[in-house]
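> Starting off with a structure, shown below.
The values are calculated or read from the model by the stated rules, or taken from the named source; none is laboratory data. Just so it is clear, the model here is predicted, and its values are computed rather than measured. Neighbour counts run over all protein chains shown; Cβ positions are idealised from the backbone, glycine included. Quick note on the areas: whole protein, heavy atoms, side chains included, nothing else; ligands and nucleic acids left out. Shrake-Rupley method; radii C 1.70, N 1.55, O 1.52, S 1.80 Å.
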Amino acid sequence: MRKAQKKKKSPKTRRPKGAPRPSRPTARINPGIAAAARDNVVSIVGQGRVPERALEIPLSAFFLADHLTRRFEAEAELPHPVACQAGCDSCCYNQVELTPPEVLLIGHHIARQFSEAERELLLAHVARIMEIIKAMSPAESAARRREIPCPLLQNRTCSVYPARPLMCRAMHGLDRERCVRELRTGSLAGSQYYAHRHEIALSVSAGLREGCKAAGLQSGTLNLTRALNDFFTQEDAVERWINGEEVFGA
């Protein structure tokens with residue numbers, strides 16, 4: 001009796017290095033990048049628990065993420081150009097998650113760079129968005145995101161661009177019209193993107209949280225809108241945080 005022949009498996013189609021994935025980012029963490037970000041936090045805090053060190057923590061993280069992204073893209077030519085340009089704001093209609101030190105830097109930037117009238121307008125936007133999202137689940141806010149612009153979005157431009165969070169630094173698209181269409185229709189299919197940008201940002205963010213936790217600092221992930229409200233409704237948030245207090249609500 002003859003043995004049944006094994007059916008040969010079809011060879012897997014490999015995605016070219018650096019090619020875009022057709023779905024939304026997955027939470028893939030690079031342990032080496034996360035460790036570098038964590039060590040930076042521990043080193044900075046070890047130099048003194050003063051407000052200046054608290055603000056140095058996110059700046060160090062941004063430098064690391066931007067440096068790694070530039071280095072990757074210098075060594076591996078991207079098969080498709082990034083479509084983002086001035087006036088693109090489709091990705092600014094998302095509920096951004098970030099770490100406590102990132103909020104502190106954004107709050108510090110606003111306090112130093114915005115006029116009193118601009119701050120009042122911003123806080124009015126924050127209050128309005130908090131009212132909209134207070135009864136929403138993350139899935140509901142994502143599905144209705146076209147109704148909820150980031151409070152930092154002004155005239156289709158990020159008002160704190162130099163201090164923007166890691167997740168915002170990772171956001172990009174390869175087809176501008178598709179980004180606009182998905183925002184308009186409420187689609188959650190996800191535009192094409194380069195995975196390395198998200199992996200770097202997610203990994204640095206994870207390292208930030210690990211480093212803050214190791215240093216005895218509040219480290220949980222925060223919602224940008226709620227965290228901005230917390231920052232501007234209390235005093236000495238930066239100094240209190242670097243000294244181990246919990247200054248942001250859940």
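> Scan the stretch 137-148 residue by residue and report those that are open to solvent by 30 Å² or more (accessible area, probe 1.4 Å) and either of a type outside the set (Gly, Ala, Ser) or under 20 Å from PRO101 (Cβ atoms) (or both).
Residues of the stretch 137-148 open to solvent by 30 Å² or more (accessible area, probe 1.4 Å): 137-140, 142-144, 146-147.
Residues satisfying the conditions are PRO138, GLU140, ARG144, ARG146, GLU147.
> Do you know which of the residues in the stretch 209-222 that are open to solvent by 30 Å² or more (accessible area, probe 1.4 Å) and not basic (Lys, Arg) is nearest to GLU120 (Cα to Cα)?
Let us first name the residues in the stretch 209-222 that are open to solvent by 30 Å² or more (accessible area, probe 1.4 Å), namely 209-210, 213-214, 216, 220-221.
In the following step, the residues that additionally are not basic (Lys, Arg) were identified as 210, 214, 216, 220-221.
Values: GLU210: 34, ALA214: 36, GLY216: 33, GLY220: 27, THR221: 26 Å.
Among those residues, the one meeting the criterion is THR221.
> Okay, moving on. Of all residues in the stretch 142-185, count the ones that are under 13 Å from TYR93 (Cβ atoms) and in contact with a Lys or Arg (Cβ under 6 Å, 6 or more places away or on another chain).
Matching residues across the stretch 142-185 total 2.
> Check every one of the helices (runs of 4 or more DSSP H) wholly within the stretch 144-250 and list those with 2 or more residues that are among the basic types (Lys, Arg). Before the answer, list the steps.
Working: elements: 166-170, 176-185, 195-214, 224-232, 237-242.
The helices (runs of 4 or more DSSP H) meeting that bar are 176-185, 195-214.
> Would you check which residues across the stretch 77-136 are closer than 17 Å to HIS172 by Cβ, among the charged types (D, E, K, R) and surrounded by 13 or more Cβ atoms within 10 Å (Cβ to Cβ) and list them? Quick ask: steps written out before the conclusion?
Within the stretch 77-136, the first condition is being closer than 17 Å to HIS172 by Cβ, and the residues that meet it are 77-94, 96.
Filter once more, so that each one left must be among the charged types (D, E, K, R): 77, 89.
The answer is ASP89, and nothing else.
> For CYS84, work out the one condition from (1) in contact with a His (Cβ under 7 Å, 6 or more places away or on another chain); (2) modelled with pLDDT of 95 or more; (3) in a loop (DSSP other than H, G, I, E, B); (4) not acidic (Asp, Glu) it doesn't fulfil.
(2)
> Between a residue in the stretch 228-248 that is closer than 20 Å to GLU120 by Cα and any residue that is assigned to a loop (DSSP other than H, G, I, E, B) and not aliphatic (A, V, I, L, M), which pairs come within a Cβ distance under 6 Å, given they are 6 or more apart or on different chains?
ASP230/PHE248; ASP230/GLY249
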